[in-house]
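The values are calculated or read from the model by the stated rules, or taken from the named source; none is laboratory data. Just so we're clear, the structure is a prediction, and the values are computed from it rather than from any experiment. Methodologically, a virtual Cβ is constructed for each residue, glycine included, from the backbone with ideal geometry; neighbour enumeration extends over all protein chains shown. Protein only, heavy atoms only, side chains kept; ligands, DNA and RNA dropped before computing areas. Shrake-Rupley method; radii C 1.70, N 1.55, O 1.52, S 1.80 Å.
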Amino acid sequence: MGIVARLAIGAVAVCAVGAGAFWALTAPVRLDDVALAALGQGDATRGERMFWAAGCASCHARPKAEGDAKLELAGGVELKTGFGTFVAPNISQDPRDGIGAWSVEDFANAVMRGVSPEGEHLYPAFPYTSYARMKPSDVADLYAYMKTLPAVAGRAPEHSLSFPFNVRRGLGLWKHLYLSDGPVIAFDDPPTDAVLRGRYLAEGPGHCGECHTPREMTGAAKTAQWLAGAAAAEGDGIVPNITAGEGGIGDWSQDDIVNYLETGFTPDYDSVGGTMVEVQRNMERLTQEDREAIAAYLKAIPPHPNGYPPRQQKPSS
Amino acid sequence: MKRLVLALSALALAGTAAFADPIAERQAIMKANGKALKSIAGIAKGAEPFDADVVMAALKTLNDDAQKIDVAKLFPEGTETGGDTTASPKIWEDMEGFQKAVEKFRTDTAAAVAASPADLDAFKAEFGKVSQNCGSCHETFRIKKG
């Protein structure tokens with residue numbers, strides 16, 4: 001065999017191994033049997049709390065939906081990011097256009113692992129990176145509650161992403177690097193029950209870190225600057241620092257935070273704005289105990305200076 | 001008399017100066033709104049006792065301020081940026097929507113003053129309607145800046 005032929009065979013072999021490795025490393029990983037067994041019998045009443053805590057309607061109701069229309073999860077809200085435009089899909093109970101035909105296992109794999117029933121990776125614009133930390137039983141409750149919501153026909157438009165982000169398979173690698181169901185903040189001293197409950201709500205269903213934590217180029221959260229504030233995913237604005245570090249909310253008392261989550265007003269009676277308006281309207285539906293827990297957690301996390309660059313001062317004319 | 005004329009001129013000048021800087025002017029209005037709201041928020045939450053006079057004073061301030069929001073004068077072209085404005089570009093992209101939001105705030109504050117709430121429940125209803133405008137408008141038309 002000539003040297004050229006041998007080289008060619010070698011090159012093909014390397015490519016085959018590489019492709020095989022890529023295929024293996026990017027395969028969707030579903031929940032294990034232990035997690036699936038922990039789903040249990042979902043309870044719709046308890047699930048309503050998870051529905052608002054997780055903010056499902058904020059992206060999956062139609063844009064600008066109010067009142068009962070918030071429970072019609074037809075999708076359609078757009079998230080315009082540097083990777084392209086994500087469009088929230090229909091997650092109503094319609095069996096064809098929504099998720100009405102999904103089993104609770106299908107639902108849990110989507111919510112906690114970002115894997116569709118067809119075995120495709122979902123994009124982390126759907127914050128399963130946070131929902132991965134949810135208790136399986138809470139996810140089953142959420143499923144039970146969503147079963148009580150209306151079926152709405154009609155598919156939302158597809159995402160419109162640029163290469164290479166439009167290759168779903170590549171997300172498998174990304175998940176190996178960044179998908180974790182462990183807590184972000186480990187406390188040195190044993191935290192109070194309220195702090196633990198707040199950590200669960202904020203890091204899991206509440207997915208606060210998805211907007212309030214700066215991201216790497218890859219889109220992964222910079223957990224060393226957890227909740228330090230970040231450039232907004234859309235537009236020119238910022239999402240504020242909610243740690244006690246410089247520029248943050250260290251001068252807010254725990255009650256101030258609770259009041260903000262409940263009423264939408266800061267200690268100075270400035271109001272909630274931007275995408276937080278939707279979040280606050282979800283938070284006001286939680287119990288006072290839940291809001292107090294989130295506030296206790298925010299008071300307990302490490303302080304960081306702002307996670308976004310300082311404002312460019314433009315000379316005023 | 002001379003003094004009075006001087007004082008009036010000074011006031012007039014101050015007025016002109018304020019409008020020469022629409023960004024500062026609209027920010028002052030918003031600050032005043034926040035202050036008025038703060039004075040009655042405790043009552044609305046039930047943390048402070050109902051006081052009809054305090055409530056009316058604040059509602060009147062909110063209404064006066066709301067009527068002062070002349071969109072053409074306070075948000076003219078050229079004030080999209082500058083100073084430390086946190087006005088969203090969406091104001092100028094959707095002037096009609098913004099006008100509508102301002103109009104709703106004016107209507108709601110005027111209605112609250114006209115209702116002249118005499119007890120806590122009546123007040124809470126008006127407070128809810130008025131304060132709801134803050135977040136609704138800021139959701140679209142304000143951005144946070146670093």
Every residue from the stretch B:108-144 that is open to solvent by 60 Å² or more (accessible area, probe 1.4 Å) and within 10 Å of another protein chain (Cβ to nearest Cβ): B:Gln132, B:Lys144
Tell me, which residue of the stretch A:231-261 that is touching a helix residue (DSSP H, G or I) at 6+ places or on another chain (Cβ under 8 Å) and open to solvent by 60 Å² or more (accessible area, probe 1.4 Å) is farthest from the other protein chains (Cβ to nearest Cβ)? A:Gln254
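To keep it simple, each residue is scored yes or no on (1) closer than 20 Å to A:Ile294 by Cα; (2) modelled with pLDDT of 95 or more.
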| position | (1), (2) |
| --- | --- |
| A:His212 | yes, yes |
| A:Ala220 | no, no |
| A:Gln225 | yes, yes |
| A:Ala230 | yes, yes |
| A:Ile238 | no, yes |
| A:Ala244 | yes, yes |
| A:Gly248 | yes, yes |
| A:Asp251 | yes, yes |
Counting just the residues of the stretch B:38-85 that are closer than 24 Å to A:Glu262 by Cβ and acidic (Asp, Glu), which one comes out farthest from the other protein chains (Cβ to nearest Cβ)? B:Asp51
Please enumerate the residues belonging to the stretch A:213-271 that are touching a His at 6+ places or on another chain (Cβ under 7 Å), aliphatic (A, V, I, L, M) and in a strand (DSSP E or B). A:Ala230, A:Val239
Is it fair to say A:Gly75 is within 21 Å of B:Thr140 (Cβ to Cβ) and not in a helix (DSSP H, G or I)? yes
For the stretch B:35-50, enumerate the residues that are free of Cβ contacts under 8 Å to residues at least 60 places away in the same chain, open to solvent by 60 Å² or more (accessible area, probe 1.4 Å) and out of contact with any Gly (no Cβ under 7 Å at 6 or more places or on another chain). B:Lys35, B:Lys38, B:Lys45, B:Ala47, B:Pro49
Quick one: in the stretch A:123-178, which of the residues that are among the β-branched types (Val, Ile, Thr) and surrounded by 20 or more Cβ atoms within 10 Å (Cβ to Cβ) is farthest from the chain's Cα centre (by Cα)? A:Val152
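Residues of the stretch A:14-36 being more than 16 Å from A:Asp106 (Cβ to Cβ) and open to solvent by 50 Å² or more (accessible area, probe 1.4 Å), which ones?
To start, the set of residues in the stretch A:14-36 that are more than 16 Å from A:Asp106 (Cβ to Cβ) comprises A:14-27, A:34.
If the condition is that a residue be more than 16 Å from A:Asp106 (Cβ to Cβ) and open to solvent by 50 Å² or more (accessible area, probe 1.4 Å), then A:Val14, A:Cys15, A:Ala16, A:Val17, A:Ala19, A:Phe22, A:Trp23, A:Ala24, A:Leu25, A:Val34 are the ones that fit.
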